[in-house]
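Note sheet for the following structure.
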Amino acid sequence: MLFNTVPFLILLLFTFLLYYLPVLRRLQVLILVAASFTFYAYSYPAFLALLFLSAIINTYTSHKVFYGEEGLRKFYATAG
């Protein structure tokens, strides 16, 4: 999906409408994540698997950096 195409403009409009609805205020982060996944998966769905894998690795290593053992924090910060 390119930024100057109609599908992108539809996704952008739909995302803005959902994001700024007062009823869905608590779901704003999830709306942005879903829009991002939709954007990356639109052209080539294999990118979605890569994005999920990257998010899982980053979440795991971030958790280990923050809550992990003192001696291994630098290792996880470098690995992630």
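The values are calculated or read from the model by the stated rules, or taken from the named source; none is laboratory data. Not measured: the values here are computed from a predicted model. Just the protein is used for accessible areas: all its heavy atoms, side chains included, with ligands, DNA and RNA removed. Shrake-Rupley method; radii C 1.70, N 1.55, O 1.52, S 1.80 Å.
Quickly estimate the mean residue ellipticity at 222 nm for the chain, helices only: each DSSP H run with n ≥ 4 gives -39500 (n - 2.57), and the total goes over all residues, rounded to 500.
Details: 4 runs with 59 residues, N = 80.
Computed mean residue ellipticity for the chain: -24000 deg cm²/dmol.
By accessible area, using a 1.4 Å probe on protein heavy atoms only, the stretch 6-80 has 73% of its surface on carbon and sulfur.
Which value, in Å², gives the accessible area per residue of the chain when a 1.4 Å probe is used on the protein heavy atoms?
Solvent-accessible surface per residue comes out at 83 Å².
When the gyration tensor of the stretch 25-80 is built from Cα positions, what are the square roots of 5 times its three eigenvalues, in whole Å, from largest to smallest?
Its equivalent ellipsoid spans semi-axes of 28, 16, 5 Å.
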